[in-house]
Structures are given as structure tokens and as C-alpha cells.
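Chemist: Before I ask anything, here is the structure I am working with.
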Amino acid sequence: MSNEIKSDTQQQEEAPAAASLQKQAIERERSNLKEHGLLKVLLSFLGSMELAISLFVIIAIASIIGTILQQNQDYNTYIVKFGPFWFEVFRSMELFDIYSSWWFVLLLGFLLVSTATCIYRYTPTIIREWRQFRLKVSSKSLKLMHSSGSWNTKNSPDEAAEFIKEKLRNGGYQSRQKNEQGVITIAAKKGAVNRLGYLFTHGAIIIICLSALYDGNFNLKLREVAGQLKPETRDLFASQVPDISRLKADENHAFRGNASIPEGNTTGLVFLQMRNGYLVQELPFTISLNEFRIEHYDSGMPKSFESDVVIEDKETGEKISKTVEVNHPLIYKDFAIYQASFEDGGSIMDIQAWPMAVPDNAGSAEAAEAFKITPFKQVIGESKVIKTPAGDYKLELAEFKISNVQPNPKAGTGENEHKFKNMGPSLTFRIRDSSGQAQEFINYLNPSTQEGRFFFLSGVRSTAAEPFRYLFIPADDDISLKRFFDFRALLGNPVEMQRIAEKTAAMSLQSAGVPDAKMIAQMAIVMQKLAELFNQGGFDRVLNDINDNVPEDKQKDVSDSYFKVLQTILGTVYLEVLQGEGVDIENSITLAQEQYYDDMVNTMGVVSNYKAPFFLQVKSFEHKEASGFQITKAPGKDLVYLGCILLCVGIVLMFYVAHKRIWIIITPAVESESGSRLIAAGSGDRHQNEFAMEFKAFSQLLDKHFMEEKS
Amino acid sequence: MSMTGQEMENIFEKQNLWRKLSLFDWGWAAIILMSTAYAWQQYSVFMDAYEAGILFATALAIIAWGWFWKPVRAYSLYVAVISLFAIYLYGNELALGETNFFLKFLISSKSAIMWMSALYVLATVAYFIGLFIGSEFSSKTASAMTWSATVMGLVGLLVRWRESYLIHFDVGHIPVSNLYEVFILFSIITALMYLYYEGKNKTYNMGGFVLLVISSAVAFLLWYGFGSRGASEIQPLVPALQSYWMKIHVPANFVGYGAFALAAMLAVAYLIKDTMVKKGRGGAIIERFPDLDILDDVMYKSIALGFAFFTLATILGAMWAAEAWGGYWSWDPKETWALIVWLNYAAWLHLRLTKGWRGRPLAWWSIIGLFVTLFAFIGVNMFLSGLHSYGEL
């Protein structure tokens, strides 16, 4: 940059010879520009260091905004965050897509122009500096330099010059000699490539920026302004996207798009994200995903994932089969296909929904009958309306995970040596009521063990910020949920319950020796009522009822007897359920079946906190994965790399190659014919300290040589 | 470039690089080449072409480094001997780290890092004592402790590398993959750069300032690695990080970060001395501060070195991104902050080289630069999300 010449005062002090030459260069340039006043002003503005530094700072600050404000999010997210007013302000400033906004690209453009101007203005000087030896120096200017010295020798000027030239050559200097009226001037330089460092670094910036701009989506923005393109913001199937949002294969020289391909599917399109919308880019080939594979570490973290793909050229029909892996993209013609991510590709769940809600008309036979949902199939990502006596609910299947690895709490206790355990597949879903309120659930498909018994786990929460609260449903002898829901169904069936209550009341009163029909009827009513309360909210519900309706001093007695009665009827109901399963209840109830009763009663006690109209069981599933690819075409990439190499080489040249000059003027001594007088001086440009040491060594060398010859 | 007085005198004598090298230099090269050949013979089946390239390029770089800066040779030998001893003690049994005396208390990765941490903190104190009371003994002790800490730090990393393979072959990876590991790297790189300038300028009095930033890194390391976060546990690599690029991108970056940190601490020393001298309060302590010229010069050299490596690291990062993420530049927060750091030091260098600025304004600027660098280094992982979310806090 030309300011380099004007304002580097230190350099001028230390190297007046160099500075005077640089001044000449400026003056030449000035006179060239004299006629073009405006151009001159423009050039000196664009090439000024102030502009360059300001641009650095402004670009840095603008970039910061883009890192703090998450870019290219859904517009609704921004509206929620900032409100409609600020959203509109930010949007008009293109703050949501800052790095391809007009003003940001304009700033980069300014930087480019500024850099180019500097190169334009400084290149002639650099080339001169690089090539010329500068034989035009005077003894006077040499003496003024920081590093300088003078010597007398008996050697003739030619002998002295030969000696000095040899030493300079050894020291890595190139030199030129000028003889004028017996005065020998030697000009030597070393490391002149340092000057090229300037051209390399600044040229590299221009190459990198231009190539990157060429690879960017700037052309699409231009076409958008021209009205030829319009990003689609609706969630459509690719085939439904209108032509104004589509790009033909040959229409776009550079892009970066995404495609998610389920196993067994084929696509010839990618989606290019553009602000809050997208464009559909056609490819000149199709990609089919044959197989997606994923491996995990013991901790459940993905270790590697890869896709077997087949590329088929749309024109030639040529087919290529390859495996694409993270960090190992597939390069096809000008395109690169990257393994980017993976997701569910539409796994199919085979679902059984068990009734859970206790509707308002609970207890009626109709309610029990109406609440039977036939098993159905549903795909992940889709939703379905389910009718229940408690109203219509929308079931949204959110996510299916084939495995859930968690740290094993028992690790290292000897019981289980594995640090992690796999909880098996899980389904995350939401149940949304008619008012739009949703609860989120996570159900583990396989039962997990607690103290040696199997339980089915289901977590529930109202918002994503909460942790899941888990319901443990004991698994029956067949490791299924059937017994639990049979038990609930029986409890919820008034006709059956009346029969069971009467039977139980008669049996218990008879065994107690009070076979009074009236008392039996009364007790049956109490039993049925207690069972109903229990069905609604477990023992707590019963307890609350007692607390509400019984005087305080009698509560304990009442609750003791009520619980005895309740246990009796629940036991009978359970036995009926077991009988229904074909268990010989007189002779062979197992320990496990006894334990099951306790677990089930416990679960029933908390089930009212599980606010769901039905319990979802995935009976089987068909797992389907989709592989996420990023497909890019970046013709400017190689140029960017070339620029990068230039940049690195340039930086090394600038910082680590010292540009040094040494001048020696040898004049024949006046008093004796054979002797001569030397003046030597030099400058190390930006490496003054290092040069000072080198010049000291040079001086010592001359001291020694000429001293020896004196003696 | 550094040269001793002897080398300077010889600069104008007819000679070449090969003649400048002593027998020791050749011995050094031979040891490195033999070790490399052994590594190649043992492990070449596990290496792809890039990794083989990295192995041989590293060998050449270490040879050149040892020729350029002689103390590296002794340093490397200490590190090699101790690390190999630890690896020998481990055998194939990771659990020995808890039972074997040497491993448990000295040279298992965690113990070595603990020693490193303790020695850096002690060295910081000793450097300041040396500066304040002018005790040469204290300064020399500090220097020796810094060297030892740097040995233990690298031993810690190398042994950790081996430990990761002992956990499971699949888990094994170079220990530059999370914040805990790179903070160790940062500490030893900064220390090595400082030690180089200490030797070159023959002054111990910059030490306290530089070690202060290393001690801060150590404090963070202990909190982050051994506190409730337990980041000192070796974790397997996510697929995106399983690449030879990591072996070159991350270390190159930390030469940059280390150099910028070094420059900033020298800037602090510069400003203190300059202010006190200007106020006429330059007592004996201020006298002992390094010369302003030296501080200014080392600050410049450090930033130039940092800038060169940071540029290289960013380019390597872009090339890796092109291979892993499908684009050499994505305006990901980490990338963007790398650009911001780069622009910041580009401005600094322009001001110094072109506008001829010196001294105070640039000292202030490099202190601000440290904060920008710190944000790029830690802040991005703490506050922003993006593709670089490996070392989350």
C-alpha cells in the first residue's frame, strides 16, 4: 500500500536511500495522476490504510452479529424472539442471513477493491525493489544510515572490492558493482523475495474472496431480485414445488444442498436452503440408498455411519456403486456427496392402545364397551386422530430410536460388569387434546428389570424443559401388559364389578359368620364404591374420600376397615383376572403372581398422575432409516486452495525472509596510491535488529581483515 | 531466526547448512530417523497414506526444530524416555495406573498433568520472586520448573494417547479432541515459545507474566478436567473427528493461540514498565523488567508467528471442513470467530509494519486481541452453538 512508503517514518530514518527512492516512485505516480484529479482522489482513498483497517474492524463486527444471532432459522422463531416490529427491522437489514446480505457482500467487495488498489499502486515499486540493486548511492547517504562504518586499507579498490564481494557472496548476498572515475560502488541485497510476500498475500486475498464468491449463492440472489426465482416456504413434496422455485441441473454452477434418502429410495434432487425457504435443485444423476449402516461405541455414541449408494447418470445411464462415509465423501464429476446425518426414514409402528382415561361416565357399560381401540399401524412423523370416550385425541409419533444406551448404575458392583446398558428401542410421541394441549411421552418397547422383575416404562412430561416422570407397569407371566389392562378393564366394568362385589361380600361375611343378606348387599355397595375410587386414583383417592366424609376422630378406624375391605375385593378381582388367563387359582398361584399383585396395586396408585387417555404399546415395528447427504458443487474450490497456498508462502516470505541491503563505496586513498577508503552501510528493512547483528559481524570481519593487513 | 554470536561471525564465511551442523546435530537426526523407522515398521499397517505422510513430515520437522533450537533435543529425549517408561509399565493393563507406584503418583497421564499444573504454578511464583527481589537463583529455578512442567505436560499427553488405546482399540485417538486436552496443549506450546525467547534474549524477567496466563489455563484445566465435569476422562471420538486432519489442524491452531497469549502477556509487562517509567517511578523492580525494545520485539515476533500458524490452521480447518461438512466455509460460529481473530491480528500487523506503529497502542491492541482469541477459543464453545460443538462446557 502506498502509505507504507509515505508514513513509515522509522524506515525513512533508517534507510534514507531507500526512502528517497520510494519518494521518487510516489512523485512519478503523482505526476501520472495529475491530469486525473478525481481518479487520484479515489485511488488514494481506496488504497489507504485507514480504509483497510476500518474494513477489517467493520467486517469483524458484522461477523460477530452473525454468530450471536442464529442464522437462517425459521422466521416464526425470530418473530417469537423479537416481536413483529424488530423482526421486520432485522429482516429488512438481512440480519437473519447476514453473510449473504447485500451490505455484507458489499463490504467484502470494498475490501477487495481496496486490496486490489494497493496491489496496483505498489506493484511497480515492489518489482523495482525486488530486482534493482540501487547503485545510485552517495557516501553521504550511507553515513547517515543506522548501520554504517568506514575503513582504510592498503588494498587497492579492486582488491578490496574482490574481497568484499566474496564475503558478501558467502553471506548469501547478490551484488552489483559500478565503477565511476575510480570509485567503486557495490550494492548487495539478500532476501529480496520478501517483497513478493506482499504481492502473494494480498493477491491471495483477492483470489480467495473471488473464488468463494463464485462458489456462493450470489447468482441466485441476483436471479431472485430479477424475479426469476422465488424460494418456496411451504412444506411441500419435491414434485409439487412450482417451477419458480426449481433449478435445472445445468442452471446453477455452484451449490450446497441437502437430501435425505430413506433406505431403498432414490432421488435426483437436493434442497438448497435460502433464508426461510428453499429451492429445489435438480441433479444430472440420481442417488439410490441401498443400505445405511451405523455402528456405536459401548456408550451408545455413534462410532461411524455410512451409506451404500448407487449413482446413476441421467444422461449416459452409467452406474457407480460406492460407500459414502463421514470424512470420506464420494466425488462424482464436479459433485461431492457427503455423509452428513441420519434420521428416521419413516419406520412403521404396529400399535395397540390400551384404555387409560377414566371418563365422566366411567362405570357405565357403554363407556367400557366404547373404549376399545383396534390395533393400527402408524408411520413415524405422522399423526392420527383417536376417538375415546374422553374425547378425540391426536396422536403424533415424533421419534423412534432403535436403541437407548445409558450408563449402568450397577457398573463395577460385580453384579454387572458392563459400564452401559441398552434399554432397547423407544418411541417418543405426543398426545394432543381437542384444545391443542399436548403431553409428551416416551415409551420403551422392551421391559426393563427392577429387582429381578420386569416392568414396562413410560415417561411423561408437559413441556420439553421438564424431565420425564416415569410410570412402571409390571409385566405379566407372558412379559406383556395384558394382565394389567385386563385388571383395569374389570375394575372399570360396573356389571362385572357388581357381580364380583356381591360374591366377595357374601364370601367374607359368611366366613366371618354373619350371613345377613342386607349386610351383604350394603357391603357389596361399599366394596364397589371403594373399587371405583381406587380405579380413579389408587389408595390416595380412597384416603382423600375418607378424610372428606368421615369425622376426624373416626378416620383411622374407618380407613383401617375400608382398606381391609378394599384389599379383599381387589384380591378377588385379581383372582378373576388370573382365572381368565387359565390359572388354577385354588392350587397353583406362584410367588411371581403374588408379587405381581403388589406391584400392580402400587402402579394403580400413581396411574392417575399419568395424564393420558390411553397407553400406547408398540407390538412390533419395521425400522427404516434415512441417510442425510450434503451434495455440493464448488468449482472455485481449487482456486481457493491455490489462494491459500499463496497466502501461506507470502506470510512466510514477509515475516521470515529478511530483505537486507549492504552498500560499499570504495574510493582510492588520496595520500597513497595503493590504498583505499571504504564506507559500508546497510539496512534490514523490517528486520532491523537482526540486520544490526549481521552488519556487526560484517564490520568485525572488515576490522579483522584490514587490521591484519595493516600489521 | 535465531543465531548465536558464533554463528553470526561465521555468516560471511564460505559454508553451507551441512557444514554448520555438528556431530550432535547428526546424532539427533539419526535418533529421530531411527525412531521413526521403528514406528513405521511397527505400525505402518494401521496408517493410511496421509498418516504416513504426517509421520515422516513430523520426523523432519522435529529434526529441523532440534537443529534450529538446540534445547529441544534434551527436551524431546526426556519426554520420550519418561513416556516410553510409562507405556512400558502399563503393558496392556490400564488398571495398573491405579496400582503401580510410578504410574499412580508420577507418570500416568493424570498424575503427569497434575505435576505439570503444580510446577507451572510454582514457576509463576518463582519467576515473580526473581523479578521482585532480583534473585537470579529464583529465576533459574523458575526456568527449570517451567522446563520440567513442560516435560510433564507432553508426557501426560503422550501417555494419555496410549491410555486411550488401552481402553479399547476403537477408542484410541490423539489427545487433542476436547477442551481438557487442548488446554494442556495450549499450556505447553505457550511455555515452549516463552522458553525459546527466554533463551534467546537471555532474560528471565518476562517469565512471570507469561506463566500467569499458563497458570490461568491450569486453573481452568483443573476445574474443567477434575471438577464435577470429569472432562479428564477419555471419551471416544464422534465420527466427524475421526480424521487425520485433526492431528494437524488442532496443534497448528494452538501454536497460534499460544503465541497470541504470549504476546498479550508481554504487552502487559510493556505497559506496566512504560507507565511507571513515564511517571518517573521506575524503581529497581521496574529496572529489572525486560527492556521495552525487547518486549516490543518479542511481542511482534510472537504475533507474526502466531499469525502464520493461525492462518495455516484456519486453512487446514477449511480443507477439513470441505471433506467432512461438504464446504470449506460455512460461516459456522467457530469459523467466523477464527476470521475475526485473523482480521484482528491482520490489522495489528498492518499497523505495525505499514503504519509503523510501535509500543503502547499496539500493546493495548494485543491485550484486546487476547480476549478476542479467548472468545474464539472458549467463548464460542460456551455461548454459541454450531458445528464445532465438541468441547462444550
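Chemist: Quick one: how many Å² of B:Thr124 are accessible to a 1.4 Å probe, rounded to 10?
Modeler: We get 10 Å² for B:Thr124.
Chemist: Just how large is the dipole of the protein assembly as shown about the Cα centre, in debye to the nearest 20, putting +1 at every Lys and Arg Cβ and -1 at every Asp and Glu Cβ? Before the final figure, lay out the partial values.
Modeler: Values: 100 positive and 111 negative charges, 1206 e Å.
Charge dipole, the protein assembly as shown, about its Cα centre: 5800 debye, nearest 20.
Chemist: Report the full-extension gain for the segment A:Asp540 to A:Arg176: residue separation times 0.36 nm, less the Cα-Cα distance, to one decimal in nm. Write down the numbers at each step before the final one.
Modeler: Values: separation 364, 0.36 × 364 = 131.04 nm, distance 10.53 nm.
Working it through step by step, the gained length comes to 120.5 nm.
Chemist: Using the Cα atoms of segment B:109-391 to build a convex hull, what is its mean projected area in square nanometres?
Modeler: Working: hull surface 59.6 nm².
Seen from a random direction, the Cα hull of segment B:109-391 projects 14.9 nm² on average.
Chemist: Tell me the total accessible area that B and A bury against each other, 1.4 angstrom probe, in square angstrom rounded to 100.
Modeler: Values: alone 19470 and 38010 Å², together 52170 Å².
Chain pair B/A: roughly 5300 Å² of buried accessible area.
Chemist: Could you provide, to the nearest whole Å², the per residue accessible area of segment B:109-391 with probe 1.4 Å? Write out the running numbers ahead of the final one.
Modeler: Details: 9560 Å² over 283 residues.
Ligands and nucleic acids excluded, the result is 34 Å² per residue.
Chemist: Continuing with this model, one more query. Counting only complete DSSP H runs, which helices of chain B cover 15 Å or more along their long axis at the Cα atoms and score a mean Kyte-Doolittle of 1.6 or above?
Modeler: Values: long enough: B:23-43 (30 Å, 0.51); B:49-68 (28 Å, 1.47); B:71-90 (29 Å, 1.42); B:109-133 (36 Å, 1.56); B:136-167 (45 Å, 0.45); B:179-201 (32 Å, 0.90); B:207-226 (27 Å, 1.97); B:245-278 (49 Å, 0.96); B:292-324 (46 Å, 1.16); B:333-353 (29 Å, 0.39); B:360-374 (21 Å, 1.29).
Helices passing the filter in chain B: B:207-226.
Chemist: Same structure again: When chain B is modelled as a GNM with alpha-carbon springs shorter than 10 Å, which of B:Ile378, B:Ile11, B:Ile32 fluctuates the most?
Modeler: B:Ile11
Chemist: For a label point 7 Å from the Cα of A:Asp584 along Cα→C-beta, name the residues of segment A:463-507 whose backbone N is under 20 Å from it.
Modeler: Under 20 Å, as judged by backbone N against the label point of A:Asp584, lie A:477-478 of segment A:463-507.
Chemist: Within straight cross-link reach of A:Lys230, meaning Cα distance under 20 Å, which lysines are found once same-chain residues fewer than 8 apart are removed?
Modeler: Result set, ordered by chain and number: A:Lys221, A:Lys248.
Chemist: Can you show me the helix-derived [θ] at 222 nm for chain A, built from DSSP H runs with n ≥ 4 at -39,500 (n - 2.57) apiece and divided by the number of residues, rounded to the nearest 500. Kindly include the intermediate steps, with their values, before the conclusion.
Modeler: On the way: 19 runs with 310 residues, N = 711.
It comes out at -14500 deg cm²/dmol, rounded to the nearest 500.
Chemist: Follow-up question, since we're still on this one. Just reorder B:Trp115, B:Trp320 by solvent-accessible area, largest first, 1.4 Å probe, all chains present. Each step should come with its number before you reach the end.
Modeler: Details: B:Trp115 115, B:Trp320 25 Å².
Descending order: B:Trp115, B:Trp320.
Chemist: Still on this structure, I have one more. Do the alpha carbons of any pairs in A:Lys190/B:Lys301; A:Lys303/A:Lys482; A:Lys167/B:Lys301; A:Lys303/A:Lys333; A:Lys401/A:Lys611; A:Lys40/A:Lys165 sit beyond 32 Å of each other, and which pairs? Kindly include the intermediate steps, with their values, before the conclusion.
Modeler: Working: A:Lys190/B:Lys301 20 Å; A:Lys303/A:Lys482 38 Å; A:Lys167/B:Lys301 29 Å; A:Lys303/A:Lys333 29 Å; A:Lys401/A:Lys611 23 Å; A:Lys40/A:Lys165 44 Å.
Flagged as over cut-off: A:Lys303/A:Lys482; A:Lys40/A:Lys165.
Chemist: Rounded, prolate or oblate: pick one for segment B:266-393, where a ≥ b ≥ c are the square roots of the eigenvalues of its C-alpha gyration tensor, a/c under 1.5 means rounded, and failing that, prolate if a/b is larger than b/c, else oblate.
Modeler: The shape class here is prolate.
Chemist: Using a Förster distance of 35 angstrom, determine the FRET efficiency expected from the C-beta separation of A:Arg131 and A:Asn290, and round it to 0.05.
Modeler: The calculated FRET efficiency here is 0.05.
Chemist: Same structure again: Quick one: if you stick a label point 7 Å off each Cα along the C-beta vector at A:Ser561 and A:Ala226, how many nm between them?
Modeler: Distance between the two pseudo-spin positions: 9.4 nm.
Chemist: Still on this structure, please answer the following. Considering only C-alpha atoms, what is the centroid distance from segment A:179-242 to segment A:268-336, in Å?
Modeler: Centre-to-centre (Cα) distance: 30 Å.
Chemist: How charged is the neighbourhood of B:Ile107? Take every other residue with its Cβ under 14 Å from the Cβ of B:Ile107, and add Lys/Arg as +1 and Asp/Glu as -1. Could you put the intermediate results ahead of the total?
Modeler: Values: positive: B:Lys104, B:Lys110, B:Arg160, B:Arg162; negative: B:Glu98, B:Glu163.
Taking every other residue near B:Ile107 into account, the sum is +2.
Chemist: Something else about it: Quick check: net charge around B:Trp342, other residues with Cβ under 13 Å of its Cβ, Lys/Arg +1 and Asp/Glu -1? Spell out each step's value before the answer.
Modeler: On the way: positive: B:Lys334; negative: B:Glu335.
Within the 13 Å Cβ shell, the charges total 0.
Chemist: Just to be sure I understand the model, the point goes 7 Å from the Cα along the line to the Cβ. What's the resulting A:Phe45 to A:Val649 distance in nm?
Modeler: With each label point 7 Å from Cα toward Cβ, the separation is 3.6 nm.
Chemist: Apply the a/c threshold of 1.5 to the C-alpha gyration tensor of segment A:603-711 and tell me whether it is rounded, prolate or oblate. Before the final figure, lay out the partial values.
Modeler: Details: a/c = 7.94, a/b = 3.99, b/c = 1.99.
Prolate shape, in that a/c is at least 1.5 and a/b is the bigger ratio.
Chemist: Another question about this same structure. Choose one of B:Thr354, B:Pro239, B:Ala123: the residue whose Cα lies farthest towards the positive end of the charge dipole of segment B:109-391 (beta-carbon charges +1 Lys, Arg; -1 Asp, Glu; about the Cα centre).
Modeler: Toward the positive end, the furthest listed residue is B:Thr354.
Chemist: A follow-up question, please. Determine the sum of side-chain charges near A:Phe454: Lys and Arg each +1, Asp and Glu each -1, restricted to other residues whose C-beta is under 14 angstrom from that of A:Phe454. Could the numbers behind the result be given before it?
Modeler: On the way: positive: A:Arg453, A:Lys482, A:Arg483; negative: A:Glu451, A:Asp476, A:Asp477, A:Asp478, A:Asp599.
Once all neighbours under 14 Å are counted, the net charge is -2.
Chemist: Give the calculated FRET efficiency between A:Asn446 and A:Ile61 to the nearest 0.05, with a Förster radius of 51 Å applied to their Cβ-Cβ distance.
Modeler: Numbers: r = 54 Å, r/R0 = 1.06.
Using R0 = 51 Å, I get an efficiency of 0.40.
Chemist: Further, regarding this structure: Specify the inter-centroid distance of segment A:88-118 and segment B:55-77, based on alpha-carbon positions, in whole Å.
Modeler: 45
Chemist: How many angstrom lie between the C-alpha centres of segment A:120-161 and segment A:456-531?
Modeler: Taking the Cα centre of each part, segment A:120-161 and segment A:456-531 sit 108 Å apart.
Chemist: Taking +1 at the Cβ of each Lys and Arg and -1 at the Cβ of each Asp and Glu, which of B:Ala363, B:Pro333, B:Tyr196 sits farthest along the dipole of segment B:109-391 towards its positive end, judged by Cα position relative to the Cα centre?
Modeler: B:Ala363
Chemist: Within segment B:148-169, what residues put their amide N at less than 13 Å from the label point 7 Å along the Cα-to-Cβ vector of A:Lys419?
Modeler: B:163-169, by backbone N distance to the label point.
Chemist: Can you run phi through the Karplus equation (6.51, -1.76, 1.60; θ = phi - 60°) for segment A:294-309 and list ³J(HN,Hα) in whole Hz, with x for Gly and Pro?
Modeler: Here the 3J(HN,Hα) series is 9, 10, 10, 6, 4, 6, x, 6, x, 9, 7, 9, 8, 10, 8, 10 Hz.
Chemist: Also: When the helices in chain B are scored as -39500 (n - 2.57) per DSSP H run of 4 or longer and the sum is shared across all residues, what 222 nm value do you end up with, to the nearest 500 deg cm²/dmol? Before the final figure, lay out each step's value.
Modeler: Numbers: 16 runs with 286 residues, N = 393.
It lands at -24500 deg cm²/dmol.
Chemist: Please report, ordered by residue number, every helix of chain A (full DSSP H runs) that is 18 Å or longer along its axis going by C-alpha atoms and whose mean Kyte-Doolittle hydropathy reaches -0.5. List each step's numbers first, then the result.
Modeler: Working: long enough: A:16-33 (25 Å, -0.79); A:49-68 (29 Å, 2.36); A:102-131 (42 Å, 0.76); A:157-170 (20 Å, -1.19); A:194-215 (32 Å, 1.02); A:494-511 (25 Å, -0.26); A:517-549 (31 Å, 0.01); A:555-581 (38 Å, 0.02); A:591-606 (23 Å, -0.43); A:637-656 (28 Å, 1.98); A:688-710 (32 Å, -0.76).
Those that pass (Cα extent of 18 Å or more, hydropathy at least -0.5) are A:49-68, A:102-131, A:194-215, A:494-511, A:517-549, A:555-581, A:591-606, A:637-656.
Chemist: Considering the alpha-carbon set of the protein assembly as shown alone, what are its Rg and its Dmax in angstrom?
Modeler: Values for the protein assembly as shown (Cα only, Rg and Dmax): 39.7, 155 Å.
Chemist: Now a separate question. Name the residue farthest towards the positive end of the dipole of segment A:191-347 from the options A:Val241, A:Leu213, A:Gly203, assuming +1 on Cβ of Lys and Arg, -1 on Cβ of Asp and Glu, about the Cα centre.
Modeler: Farthest along the dipole direction, towards plus: A:Gly203.
Chemist: Could you order A:Ile127, B:Ile214 by accessible surface area, starting with the largest, using a probe radius of 1.4 Å?
Modeler: These residues rank, largest area first, as A:Ile127, B:Ile214.
Chemist: First measure r as the distance between the Cβ atoms of B:Val238 and B:Asp291, then evaluate 1/(1 + (r/R0)^6) with R0 = 51 Å and state the FRET efficiency to the nearest 0.05.
Modeler: Values: r = 49 Å, r/R0 = 0.95.
Calculated transfer efficiency: 0.55.
Chemist: Show A:Leu570, B:Leu384 ordered by accessible area, largest first, where the area counts protein heavy atoms only and the probe is 1.4 Å. Don't skip to the end; give the middle numbers.
Modeler: Working: A:Leu570 0, B:Leu384 30 Å².
These residues rank, largest area first, as B:Leu384, A:Leu570.
Chemist: Mean separation of Cα pairs under 8 Å and 6+ residues apart, divided by the residue count of chain A: what relative contact order is that in percent?
Modeler: Values: 1187 pairs, mean separation 138.1, N = 711.
Relative contact order, chain A: 19 percent.
Chemist: Given Cβ point charges of +1 (Lys, Arg) and -1 (Asp, Glu) and nothing else, what value in debye, to the nearest 20, does the dipole of segment B:109-391 about its Cα centre take?
Modeler: Numbers: 19 positive and 15 negative charges, 137 e Å.
With Lys and Arg at +1 and Asp and Glu at -1, about 660 debye.
The values are calculated or read from the model by the stated rules, or taken from the named source; none is laboratory data. Values in this document were obtained by computation on a predicted structure and should not be read as measured data. Note: ideal-geometry Cβ built from the backbone for every residue, glycine included; neighbour counts use all protein chains shown. Each accessible area value is taken on the protein alone, full model and side chains, heavy atoms only, with ligands, DNA and RNA left out. Shrake-Rupley method; radii C 1.70, N 1.55, O 1.52, S 1.80 Å.
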